[in-house]
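Peer 1: Right, I'll just put the structure down here and ask away after.
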Amino acid sequence: MKKFYINSNVERLFSFLASLVLILILNIVLTNTLLKKIQESNEKQFLQQCDDIIEDYTIAVDAKLKQLESRIDIFYAKIAYKNLSSEKISELLVSEKDNIYAPFDFLGYAQKDGREWNSYGEEHNLSDRPYFNRIISGETEFIVSNVLEAKHDGKPCIVFARPVYTEAHEIQGCLIAVCPLQKATQYFEEIKTVKDRKFSIRDENKRFILHYDPKWINWVFSPMKDVKKSIKINDNFFSYREATDTQGKPVNVFYRKSLNAPWEINYSVPADEFSRLQKNQRSYQNFVLEVIVIALTMIFLAEIWLHSLLEKKQILSTHIDSLTHLWVRSYFEREATRLLKRYSSSKFMLIETDIHGFKFINQNYGEVGANKVLYQFSKILYDVTNDFDGILSRGYADHFYIFLRITSVHRAMHYFKDSVQKISLVCKNLEIPFIPKFGIAFYVPKKMENSTSIQTLITRANFAKNAIKENALQQFAIYDEKLLKKSNEDNYIETHMEQALENEEFFVMYQPKVSLESDKVVGAEALVRWQSSELGFMPPNLFIPLFEKNNFVVKLDFFVYEQVFKFLRKCIDKGDPTVPISVNMSRNHDKPERFVHDFTSLLKKYDIPANLVEVELLERSSMDKNILREITIMLQKEGFRVAMDDFGSGESSLNMLSTIPVNILKFDRSFLFASDQKNGTLDATSENFIETLIDLGKNLKKETIFEGVETEEQRNFLRKIKCDQVQGYFYSKPLREEEYMEFLKKHR
């Protein structure tokens with residue numbers, strides 16, 4: 001058989017064409033697959049966006065309902081747990097008529113038999129109202145009704161109701177607040193939304209409380225089509241209803257149930273938006289395929305010319321971050337070093353920034369959401385850096401670096417603070433909002449050593465940024481000697497705390513508690529102080545927060561307990577007067593049985609009566625309320641009285657009172673300094689609020705004590721409203737043992 005030989009040029013051409021066809025086919029297949037994935041992603045993103053919009057709007061509606069509940073509670077605090085007669089409550093309703101907060105029209109009170117009085121002095125019967133029967137039966141603690149016709153004037157309204165309890169925690173009646181439907185609609189229209197988004201709110205009877213077309217308010221609408229749908233995209237299910245709107249147009253309705261009312265929140269999206277998305281995606285897909293065919297053909301025909309370009313791109317690609325398209329850190333350091341050498345007599349500013357709580361964004365939104373945040377953040381930083389002709393790079397994870405040549409540190413900080421405000425505003429309004437934090441280091445030639453490098457500046461900026469730690473309210477820190485000194489002090493405290501305890505550098509001081517009825521000392525609070533051999537006297541705010549983080553505060557607490565018990569034992573043995581001394585229990589004690597066992601064992605060691613010791617707990621969200629309740633009950637069984645310290649400064653004081661049966665309410669000093677009066681006296685609003693707190697404590701049969709009393713006016717006001725005890729500089733600062741005993745003997 002005769003062999004057929006192919007010319008080398010023909011062979012090269014044949015190979016080229018075969019490669020071109022093969023690569024073209026592979027690209028078309030892969031691109032088609034990729035575009036389908038993109039289409040699914042876009043559909044998911046569209047549905048997710050709609051789902052997020054209705055969820056956010058529902059949260060906003062529920063928040064507005066919570067605000068209304070809080071407004072009702074202002075009047076509720078005046079009648080709950082006080083055993084007031086119906087006539088007395090009726091008088092209060094009429095007297096408070098002009099003080100009712102918008103959007104409520106009036107308040108009413110109904111007895112258990114349904115007889116009701118309102119702020120207008122009218123009487124009605126509510127026994128036929130479902131919400132009244134649910135409240136009186138004890139089924140719920142708070143209720144929001146459907147749209148009703150008001151007994152007062154027959155107009156449509158919404159009723160908010162909660163039970164009123166006696167001192168014995170028995171339901172004696174029902175407090176209601178009536179909101180006209182028109183005012184309720186205006187109230188929920190205050191929720192800011194993007195223009196043209198169509199939201200509506202319907203009650204259980206499908207009556208509109210809010211509608212984007214105002215003429216449908218208070219009307220019932222049954223669409224011609226209303227079919228529930230569910231779409232699965234990448235293991236995610238999206239539920240909505242295919243329906244027709246009030247104009248007969250097809251819409252997709254995304255909905256949520258309100259957590260605080262029997263209402264349904266709706267977000268209507270024209271059905272053609274979804275079909276338009278699919279149509280645009282198919283057009284885009286065809287366009288991309290055509291572009292790929294043309295582009296690949298041109299690439300192969302211009303192979304020699306493109307070869308040099310690809311080499312250049314390969315070089316550049318080693319310096320560019322694939323996600324943000326910014327320089328990588330290594331290239332940034334090289335370019336920044338070059339700038340330092342070129343302008344060695346100039347000043348420079350290096351900024352390191354990252355995202356507060358970025359790991360939680362990763363956990364909650366996944367890699368796709370986190371990458372989106374990083375890309376958006378990089379664009380924001382690029383725009384700002386570009387305005388000042390600086391250089392920018394991305395480091396590890398969410399770390400970014402900026403290097404700017406500046407004329408003065410003062411002017412640079414002025415522009416920086418202005419830029420931070422703009423950056424924060426943009427970041428706050430993104431789809432996934434976040435808070436950036438910044439560390440700053442300056443290069444000033446006359447003040448810097450010659451060996452200062454970019455790596456050193458980065459280390460200093462990082463040190464400054466880490467000094468912010470978890471404080472979301474502080475967005476930036478500047479590296480300076482003070483910051484370094486503070487870090488060294490914290491490090492010294494942590495490395496010397498055990499030694500300080502062994503060397504008895506910690507000591508206890510006692511601040512007297514004075515009865516306002518007798519003006520005599522009836523107790524004292526034990527407070528720890530530190531006289532450091534190196535740092536001198538240190539107030540607790542310098543070391544307690546650090547000890548709470550490293551848990552050394554647990555050991556320090558028991559040191560204080562033992563010092564107090566020793567002191568009491570000495571007083572008893574000498575026959576000196578004694579009064580109960582309160583000790584603080586930090587939030588780090590999270591094992592109730594162990595704490596109570598160790599505490600009582602130490603007390604028995606010194607044979608101290610339990611009635612001479614009180615334990616002060618801190619109301620904080622960081623400690624589980626069940627743990628606080630368990631510790632309180634166990635301490636009370638051992639004969640100790642328990643106080644709630646800084647009452648009113650936590651997240652939910654009223655809820656806390658129903659779960660943690662403390663004996664004493666100790667009010668935070670901040671209430672006494674909330675007034676803006678120039679002479680330091682309390683204004684009417686502050687006085688009314690404090691009096692309400694004291695009345696609440698009295699009604700619940702708790703002893704009340706105010707700390708931080710510094711003026712005679714404060715003391716006289718608290719005495720007038722029957723507060724039991726006070727402590728503060730008006731009577732005495734914290735005293736050492738000998739000074740305290742002298743004070744006690746004079747005022748006992």
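Peer 1: Show me 605-614, 422-431, 72-81 ranked by packing, highest mean number of other Cβ atoms within 10 Å first.
Peer 2: 72-81, 605-614, 422-431
Peer 1: Identify all lysines with a Cα-Cα distance to LYS372 below 21 Å; exclude those on the same chain that are fewer than 8 residues away in sequence.
Peer 2: Here the lysines satisfying the reach criterion relative to LYS372 are LYS36, LYS37, LYS44, LYS359, LYS422, LYS428, LYS437.
Peer 1: Still on this model: Which of the peptides 550-559, 107-116 is most tightly packed, and how do the rest follow, going by the mean number of other Cβ atoms within 10 Å of each residue?
Peer 2: Taking the mean over residues of other Cβ atoms within 10 Å, the ranking is 107-116, 550-559.
Peer 1: Hey, can you rank 258-268, 577-587 by average C-beta count inside 10 Å, highest first? Could the numbers behind the result be given before it?
Peer 2: Details: 258-268: 20.4, 577-587: 18.6.
My ranking of the peptides, most packed first, is 258-268, 577-587.
Peer 1: Same structure again: Around ASP245, which amide H atoms from residues at least 5 apart in sequence, or from another chain, sit under 5 Å from its own amide H, with H modelled in the peptide plane?
Peer 2: HN-HN under 5 Å from ASP245: VAL251.
Peer 1: Out of residues 5 or more away from PHE438 or on other chains, whose amide H comes under 5 Å of its own, with H placed 1.01 Å from N in the peptide plane?
Peer 2: PHE476, ALA477
Peer 1: Separate question: If I take every Cα pair under 8 Å that is 6 or more residues apart in the chain, average their sequence separation and divide by the length, what percent do I get for the relative contact order?
Peer 2: 7
Peer 1: For a quick check: with amide H placed at 1.01 Å from N, whose amide H comes under 5 Å from SER586's, ignoring anything fewer than 5 positions away on the same chain?
Peer 2: Amide H neighbours of SER586, under 5 Å, 5+ apart: none.
Peer 1: Could you check the simple spin-label distance between LYS720 and GLU517, using points 7 Å along Cα→Cβ, in nm with one decimal?
Peer 2: 2.1
Peer 1: I would also like to ask the following. Just grab the label-to-label distance for GLU548 and GLN499, each label 7 Å out from Cα along the Cβ direction, in nm (one decimal).
Peer 2: 2.7
Peer 1: With θ set to phi - 60° and the Karplus curve 6.51 cos²θ - 1.76 cosθ + 1.60, what are the ³J(HN,Hα) couplings of the stretch 250-259 in order, to the nearest whole Hz, using x for Gly and Pro?
Peer 2: So the J values, rounded to whole Hz, are x, 9, 9, 9, 8, 9, 9, 8, 5, 7.
Peer 1: Okay, moving on. Taking a ≥ b ≥ c as the square roots of the Cα gyration tensor eigenvalues, with a/c under 1.5 meaning rounded and otherwise prolate when a/b beats b/c, else oblate, which class fits the chain?
Peer 2: Since a/c reaches 1.5 but b/c is at least a/b, the shape of the chain is classed as oblate.
Peer 1: Report ³J(HN,Hα) in whole Hz for each residue of the stretch 661-673, in order, from the Karplus equation J = 6.51 cos²θ - 1.76 cosθ + 1.60 where θ = phi - 60°; Gly and Pro get x.
Peer 2: For the stretch 661-673, the Karplus curve yields x, 5, 8, 10, 9, 10, 8, 5, 5, 4, 5, 6, 10 Hz.
Peer 1: Relative contact order of the stretch 142-181: what whole-number percent is it, with Cα pairs under 8 angstrom and at least 6 residues apart?
Peer 2: Once divided by the residue count of the stretch 142-181, the mean separation gives 37 percent.
Peer 1: Something else now. So which of LYS666/LYS733; LYS591/LYS637; LYS486/LYS733 end up more than 25 Å apart, counting from Cα to Cα?
Peer 2: Checking Cα-Cα distances, LYS486/LYS733 exceed 25 Å.
Peer 1: Using a cut-off of 28 Å between alpha-carbon atoms, which lysines can reach LYS183, once sequence neighbours fewer than 8 places away in the same chain are excluded?
Peer 2: Straight-line reach from LYS183, under 28 Å: LYS64, LYS66, LYS78, LYS97, LYS151, LYS155, LYS192, LYS195, LYS198, LYS206, LYS215, LYS257.
Peer 1: Enter the accessible area per residue of the chain (Å², integer; probe 1.4 Å; all protein chains in place).
Peer 2: It amounts to 55 Å² per residue over the chain.
Peer 1: Something else about it: What is the stretch 320-400's relative contact order, in percent, from Cα pairs under 8 angstrom and six or more apart in sequence?
Peer 2: Contact order relative to length: 50 percent.
Peer 1: Next up: Per residue of the stretch 262-268, in order, report the coupling 6.51 cos²θ - 1.76 cosθ + 1.60 (Karplus, θ = phi - 60°) as ³J(HN,Hα) in whole Hz, putting x for Gly and Pro.
Peer 2: With the stated coefficients, the stretch 262-268 comes to x, 10, 10, 9, 10, 10, 9 Hz.
The values are calculated or read from the model by the stated rules, or taken from the named source; none is laboratory data. None of the values given here were measured: they were computed from a predicted structure. All Cβ positions, glycine included, derive from the backbone under ideal geometry; neighbour counts span all protein chains shown. These accessible areas exclude ligands, DNA and RNA; they are computed on the full protein's heavy atoms, side chains included. Shrake-Rupley method; radii C 1.70, N 1.55, O 1.52, S 1.80 Å.
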